[in-house]
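Accompanying notes for the structure given below.
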Amino acid sequence: MLRIILLSILVLSFISIDYNYLSSSPASASYEPVLSYSTDDGMPSIIGDPALQVEEVVRGLDLPTTMAFLGPDDILVLEKDKGTVQRIVNGKMLPEPLLDVNVATSVERCMCGIAVSQSNTGSTYVFLYYTEAELTDSEDIIEAKAPLGNRLYRYELVNNKLINPVLLLDLPAIPGPRHNGGAIMIGPDNNLYVPIGDVDGSHTGGPGETKAQNYVDGAEPDGRSGLLRITQDGQPVGIGILGNTYPLYLYYAYGIRNSFGFDFDPITGNIWDTENGPGNSDEINLVEPGFNSGWQEIQGMASNTDDGFNLEENIVDFEGKGKYSDPEFAWVNTVGPTALTFLNSDKLGMQYVNDMFVGDVHNGWIYHFDLNEYRTDLILEGPLADKIANTPEEMQETIFGEGFGGITDLEVGPDGYLYIVSIGQGAIYRIVPGVNGGSSAG
């Protein structure tokens, strides 16, 4: 019974993924999280393209967060509160998880991110980012016990078990419990990229707030509020973009409030990410080396900040090595953007090749964006030409799919199709060519 009660509380907590806005944001006064987080058991659908359909890959997962492929029809997926790594082969989950570790689970603390690589010796390495608990799952809730940290481990996959853990990063997990990040990826340069938010800082400018959060008089960065980059052995890459001391030399970007997803443009190699705002001003960003996303001073467009704000004086640039730039797109009304991926495949049609797809957790929608020829801007027309969605109605032409029940990951599979993880429905779906846009279970 206790488990059922805790799960109910935690699902509702994850509905408000990222935000404190129910209690702190004026924009949230009329927000209804239960209504905006779909857990409908019906099949999702594709909007406006009768040539595509949705297939169910697997159902019955317990709060799945992110996934990675070992090969065709061979998926590893994480379960948020169980601390488990499940393997799905040909649509069937193996009887036992590959790994079960102790995780803190309050709100966004979780089994958060996964990436897979093959070593030169033929070993399969699985990288996991999770909020580690000391003795048992959810002890941060049950016993009010602080997590050990947000930690990145490298494991070896041997005989359906993950063994030989190596701790690569030990990052702050307090004060929390929000903004832990963790949607890790291996980049084209074969290095690991690790997003982490401000870990729900106090935002008072007092002790614990850092220059990576754009507090000009703050403490030195401690690993929070950034996109970090390391080798697969946990070493820094080069001399560092912002500086040459630990952990500053790990930062690829900073000023990040809370990011649940990013990807590398298959044409340019540039990083694009999503960022969640404080009840408003969610973002899509082009993340170049040294990028400053602006938080705590800026969320959304800098032009929308209070009168008297000085872009040169009120944010941190690490002696000119960091550079602020406005988002390439922003939602005024929060949608909780999570995963972002580029469809580097023609399997859904040539019109989608290398286009950007973004998922959200509040509506269960997938958005589709084209990029310009230089791959530096999204092609936005009409009311979106100012790069701002002022109302949900303005977003309608960008909505590609609906009914996915709270999306936490989007991935392109080895088969070239687009896969979707639904935390609300405990399922993985994929989008494939179909007949008359119908849906099918499989």
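The values are calculated or read from the model by the stated rules, or taken from the named source; none is laboratory data. Computed from a prediction, not measured in an experiment: that's the story for all the values here. Here the Cβ positions follow ideal geometry from the backbone for every residue, glycine too, while neighbour counts run over all protein chains shown. Surface accessibility is based on the protein's heavy atoms, side chains included, excluding ligands, DNA and RNA. Shrake-Rupley method; radii C 1.70, N 1.55, O 1.52, S 1.80 Å.
Just a few scattered comments:
- Identification of strands (runs of 3 or more DSSP E) wholly contained in the stretch 315-416 with 1 or more residues that are open to solvent by 30 Å² or more (accessible area, probe 1.4 Å) and free of Cβ contacts under 8 Å to residues at least 60 places away in the same chain yields 329-333, 366-369.
- Check on residue 221, in a strand (DSSP E or B), crowded, with 22+ Cβ neighbours inside 10 Å, at negative phi and touching a residue at least 12 places away in the same chain (Cβ under 8 Å): no
- In the stretch 279-293, the residues that are farther than 16 Å from residue 329 by Cα and in contact with a Lys or Arg (Cβ under 8 Å, 6 or more places away or on another chain): 290
- Contact annotation: residue pairs with Cβ atoms under 6 Å, 6 or more positions apart or on different chains, pairing a residue in the stretch 163-185 that is farther than 12 Å from residue 197 by Cβ with a partner that is among the hydroxyl-bearing types (Ser, Thr, Tyr), are 165/153; 165/155; 167/153; 184/129; 185/193.
- Test result for residue 129, closer than 21 Å to residue 257 by Cβ, within 23 Å of the chain's Cα centre (by Cα) and among the aromatic types (Phe, Trp, Tyr): yes
Here is a yes/no grid of residues against (1) in contact (Cβ under 8 Å) with a residue 12 or more places away in the chain; (2) closer than 24 Å to residue 409 by Cβ:
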| residue | (1), (2) |
| --- | --- |
| 227 | yes, yes |
| 240 | no, no |
| 244 | no, no |
| 247 | yes, no |
| 256 | yes, yes |
| 267 | yes, yes |
| 293 | yes, yes |
| 309 | yes, no |
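- Candidate set: the stretch 417-432, residues that are part of a loop (DSSP other than H, G, I, E, B) and open to solvent by less than 10 Å² (accessible area, probe 1.4 Å); chosen: the one nearest to residue 367 (Cα to Cα): 423
- Residue in the stretch 268-280 that is within 18 Å of residue 358 (Cα to Cα), open to solvent by less than 20 Å² (accessible area, probe 1.4 Å) and part of a loop (DSSP other than H, G, I, E, B) present: yes
- Scanning the stretch 239-254 for residues that are crowded, with 21+ Cβ neighbours inside 10 Å and among the aromatic types (Phe, Trp, Tyr) gives 251, 252, 254.
- Listed by position, the strands (runs of 3 or more DSSP E) contained in the stretch 87-201 that have at least 1 residues being open to solvent by 20 Å² or more (accessible area, probe 1.4 Å) and at positive phi are 161-171.
- Subset of the stretch 229-238 (residues that are touching a residue at least 12 places away in the same chain (Cβ under 8 Å), open to solvent by 40 Å² or more (accessible area, probe 1.4 Å) and assigned to a loop (DSSP other than H, G, I, E, B)): 233
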